[in-house]
Amino acid sequence: MSDFEHVFATPPEGAAADWTISQDWRSYTQVEHDTWDTLYDRQMKILPGRASDAFLNGLKALDLNTGGIPDFALVNPKLKALTGWTVVCVPGLVPDEVFFDHLANRRFPSGQFIRKPDQLDYLQEPDIFHDVFGHVPMLTDPDFADYMEAYGKGGQRAAGLGVLPQLARLYWYTVEFGLMESPQGLRIYGAGIVSSATESVFALEDPSPNRIGFDLERVMRTLYRIDDFQQVYFVIDSIEALKAETLADFGPIYDRLQGAADIPVETVLPDDRVITRGSQTYAARGGRFAA
Ligand SMILES: [Fe+2]
């Protein structure tokens with residue numbers, strides 16, 4: 001994720017020039033491995049029938065449930081053979097240009113640490129469960145793999161054009177919090193949702209949030225919240241459609257966005273393809289912070 005303030009301007013001690021560190025898999029404790037297993041088992045009670053086939057097939061192909069935190073030395077050969085991606089460890093949040101360079105070269109940066117047993121439900125900084133369980137299965141899908149590489153390359157351009165906030169919204173509402181259509185109904189593919197027991201249910205079933213058909217410019221204008229469940233989810237028709245819609249040169253879009261107002265999270269516009277008009281009750285009651 002590139003949406004948080006990063007602590008360092010240069011790689012911290014022990015990190016390579018590209019900010020990667022060794023996973024040092026042998027250093028994980030039994031408690032840490034057990035935390036992975038607990039989180040994995042909990043999600044697998046919730047995700048069948050809710051997560052997209054792309055996600056569930058990727059999870060199966062990578063075999064991320066061999067007991068404890070996956071060893072990247074074992075995961076990477078499988079992932080690389082499928083789509084050319086690998087997952088690398090970084091010491092925390094990295095600068096935008098470092099993040100984009102990794103994606104542009106089909107490397108997904110993951111946190112090395114795992115959350116503490118008393119933080120199973122919420123943490124602000126992404127850990128290895130969010131990054132690997134949440135993100136990596138989707139990288140086995142060839143179209144999603146292409147989309148992520150293109151996003152990295154687009155980020156490098158957007159940084160020079162001063163439009164990173166707009167591009168970050170695309171990442172947020174697809175890679176992190178995206179929903180998609182399927183013949184059986186809406187399905188989750190965003191990593192922020194599939195790695196969260198509570199948001200996996202909320203995103204699909206709660207009457208509060210708006211669920212709106214994906215529109216690239218609309219998404220790039222829409223604010224988002226990092227501290228609670230989303231108030232709007234955008235729904236793609238398919239991964240192929242997302243890739244096709246984002247293959248275009250964003251230059252003319254960025255030009256139009258210069259004068260366009262940001263759209264608040266709860267707003268429904270007349271042109272929106274509304275799939276569910278939400279009540280916004282959850283947010284109105286104070287959300288996560290409600291008494
Ligand atoms: Fe993420």
- Item | Which numbered condition residue 125 misses (of (1) within 15 Å of the chain's Cα centre (by Cα); (2) open to solvent by less than 10 Å² (accessible area, probe 1.4 Å)) | (2)
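Condition check ((1) among the basic types (Lys, Arg); (2) without any contact (Cβ under 8 Å) to a residue 40 or more places away in the chain) across all residues:
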site	(1), (2)
204	no, no
211	yes, no
214	no, no
222	no, no
250	no, no
255	no, yes
282	no, no
- Item | Selection within the range 105-121 - open to solvent by 10 Å² or more (accessible area, probe 1.4 Å) and over 15 Å from the mean Cα position of the chain (by Cα) | 105, 106, 112, 113, 115, 116, 117, 118, 119, 120, 121
- Task: State which residue pairs qualify: first residue within 24 Å of residue 15 (Cα to Cα) and inside the range 109-124, second residue charged (D, E, K, R) in any location, beta carbons under 6 Å apart, and separation of 6 or more residues or different chains.
- Result: 110/131; 111/127; 111/131; 113/127; 114/32; 114/127; 115/127; 123/115
- With 95, 137, 142 as the choices, which residue is open to solvent by less than 10 Å² (accessible area, probe 1.4 Å) and away from the ligand (no atom under 15 Å from the Cβ)? 95
- Message: Can you report the number of residues in the range 244-258 which are surrounded by 15 or more Cβ atoms within 10 Å (Cβ to Cβ) and part of a loop (DSSP other than H, G, I, E, B)?
- Response: 2
- Candidate set: the range 12-57, residues that are of a type in the set (Gly, Ala, Ser) and not in a loop (DSSP other than H, G, I, E, B); chosen: the one nearest to residue 137 (Cα to Cα): 54
- Where residues in the range 99-128 are modelled with pLDDT under 95 and aliphatic (A, V, I, L, M), which of them is nearest to the ligand (Cβ to nearest atom)? 123
- Query: From the set of residues in the range 138-163 that are outside any helix (DSSP H, G or I) and closer than 17 Å to residue 253 by Cβ, which is modelled with the highest pLDDT?
  - Reply: 163
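The values are calculated or read from the model by the stated rules, or taken from the named source; none is laboratory data. What you see is a predicted model; the values in this text were computed from it and never measured. Cβ: placed from backbone, ideal geometry, glycine included. Neighbour counts: every protein chain shown. To get the accessible areas, we keep the full protein, side chains included, count just its heavy atoms, and leave off ligands, DNA and RNA. Shrake-Rupley method; radii C 1.70, N 1.55, O 1.52, S 1.80 Å.
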